[in-house]
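Notes follow the structure.
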Amino acid sequence: MTYIFKTDLDTPNLRGTPIVDSAPSDARVALNNIGGAFAEGETGQFLEIRSPATAELLGYVTMGGAGDVDRAVRTAEAALAPLAQLGTYGRAALCQRVADTVAANADRLARLLALEQGKPYKDALDEVGTVSLGYRNAAEQVKWITTDVIQVADPFKRAFSILQPKGVLAAITPWNFPLGLPAMYYLGPALATGTPVVWVPAPTTSLVAAELMEVLAEADLPKGALNLVMGAGPVVGDAVATHPRVHSIGFTGSSATGRTIASRAPGKHLMFELGGNGPTLVLEDADVDLAAQQAGFGCFANAGQICTATERVLVHKAVHDRFVEGLMKVAAGKKMGDPFDAGTNMGPLNNAATLQKMQEHMADARATGAEVLVGGDAADGMATNLFFEPTVVTGLSAANMLNIEESFGPVAPVLTFDTMDEALSLAASSNYGLSAAVFTSTTRNAWAYAEALRVGIVNINEMSCYWEPCIPAGGAAGSDSGLGRTGGLYTIREMCDLKTITFDVRR
């Protein structure tokens, strides 16, 4: 593999992001936005944000508190009536206007996104494109969704159903896709359905969230339709999840945090996409070259920081060596460095906690005798210590952390099997159930494995992280991967309460 990066900086160890009591007057400062007005958080403190790719100081994020959340929730609640008065087609037109506004500011958003999240600029530009797409899709989908007239026994009664917004939505979103995921999963569908939102983004990518709010001001959203409150998860995240006037919570992030939110918000509607480790099964009859190429992309895309990433590969012993050889070629083609360098195709890990988890998982693999064929640690000679080498590991067992847990880094752990029962047992040895992939040349095997795997999505002869916005996504029941479904019409329905109305035609 090749590392390319142009910098005169010494390599800093980005262990954390400090909180300061004031921000320099000439610095970029991201502020909360409640009802269209930007303001500092009530704590008076700021989070310092440095680029995980370049180490440069990007700016400061205001740290909100419970009082900021309360004001945002009440402002959002007041927006329910104005949003309803726009009607379905009026809100759809507003979604299209938002999409146009974002598209017109794509470069501005993508540059900050690449610096703050760390991903290559071309990937950041694609992500900004999904923001526009999220609003455009919601605009179309909400116009064509239908409900039922229900046939009843009483000949003088009529019954039918309608969709209405549940109330205020708390959208708590992650740092791996800090613009595209919120827009696609929550913000676009919420505006289309007339659901006001209090948005709590991940602290390490809050600068670009505030930048999006500045862009959206040009679209003239109704006051309170979208409110941004930034700060520490245990403070503002907990405050919005437990607020009595919040009726629905959309959260994408770790399973542990999802369990905490669920325990703190009993009775509220929950839309959760949580962790995954994307088991990819390569059968004896697979196109091995295709499987290696696709699995490699699934392992290393976005530096492995995707909920549906290929975090473990289960390979039939008969094709193991040839598959691993192909996987190593994919790893060798990854180039890390300056996100604005045209040759860069993999960025750093976003934060120190993710780096620490990767190092713990690799230490566990080495301690049990696994063989690290390539990579395995933070890359040398980079601008920060958050660049992790694309890694291929073999000789693992079902007990290894790389198999059981979600690593969320650019690692390809390879395990082997002989029989279908053994393969399915390995796949089920982790309690995640978000997505999987199966590589095979026969329809019989494709159907058998697809129906047997307990996950929300099974992709056949395709990477585990393949998804399109119209496809329902979510975890299998009883797994650690979430609740509900997002994607297309499923998101629109998930956002709303189904209300049944009956009346008597004689009265």
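Just so you know, all these numbers are worked out from the coordinates, no wet-lab data involved. Please read these numbers as outputs of a predicted model, since none were measured by experiment. Every residue, glycine as well, gets a Cβ built from its backbone with ideal geometry; the counts of neighbours run over all protein chains shown.
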Percent breakdown of C-alpha pair distances by 5 Å bin, ordered from the shortest bin, for segment 237-285 | 5, 20, 27, 16, 8, 6, 6, 5, 4, 3, 1
Would you compute the Debye intensity of segment 10-274 from its alpha-carbon atoms alone, equal scatterers and no solvent, and pass along log10 I(q)/I(0) at q = 0.09, 0.15 Å⁻¹ to two decimals?
-> -0.40, -1.07
Work out which helices of the chain, taken as complete DSSP H runs, extend at least 24 Å along their axis over the Cα atoms and score a mean Kyte-Doolittle of 0.0 or more, then list them.
-> 80-104
If you line up the Cα atoms of segment 300-403 on their principal axes, what length do they span on each, largest first, in Å?
-> 41, 27, 26
Rh by Kirkwood over Cα pairs, then Stokes-Einstein D for segment 10-118 at 0.890 mPa s and 25 °C, µm²/s = 147 µm²/s
If you take the Cα atoms of segment 59-212, find Rg, then find the Kirkwood Rh from the mean of 1/r over all pairs, what is Rg/Rh?
-> 1.07
Cβ density ranking, 10 Å radius, fewest first, applied to Val20, Val319 yields Val20, Val319
Quotient of Cα Rg and 2.2 N^0.38 Å for segment 70-151, N being how many residues it contains = 1.44
Per-residue ellipticity at 222 nm for the chain, helices alone: DSSP H runs ≥ 4 residues times -39500 (n - 2.57), over residue total, nearest 500 deg cm²/dmol?
-> -11000 deg cm²/dmol
Of the DSSP beta bridges with both residues in segment 10-274, give the percent that are antiparallel, rounding to the nearest 5.
-> 40 percent
Take every DSSP beta bridge with both residues inside the chain and express the antiparallel ones as a percent of the total, to the nearest 5.
-> 40 percent
Rh by Kirkwood over Cα pairs, then Stokes-Einstein D for segment 186-275 at 0.890 mPa s and 25 °C, µm²/s = 177 µm²/s
Least to most buried among Glu140, Glu127, by other C-beta atoms within 10 Å and fewest first, runs Glu140, Glu127
Fewest to most Cβ atoms within 10 Å: Phe503, Phe387 sort as Phe503, Phe387
Excluding residues fewer than 8 places away in the same chain, name every one of the lysines whose C-alpha is closer than 29 Å to that of Lys122.
-> Lys6, Lys329, Lys334, Lys335, Lys357
Tail beyond 19 Å, pair distance distribution of segment 279-468 (Cα, percent) = 54 percent
Give the span of segment 236-345's Cα atoms along each principal axis, as three whole-Å numbers ordered largest to smallest.
-> 56, 38, 16
Identified option (computed semi-axes √(5λ) of the Cα gyration tensor in Å; candidates (i) 86, 27, 17; (ii) 38, 31, 19; (iii) 67, 27, 21) | (ii)
Could you work out the mean projected area of the convex hull around the alpha carbons of segment 355-473, in square nanometres to one decimal?
-> 9.0 nm²
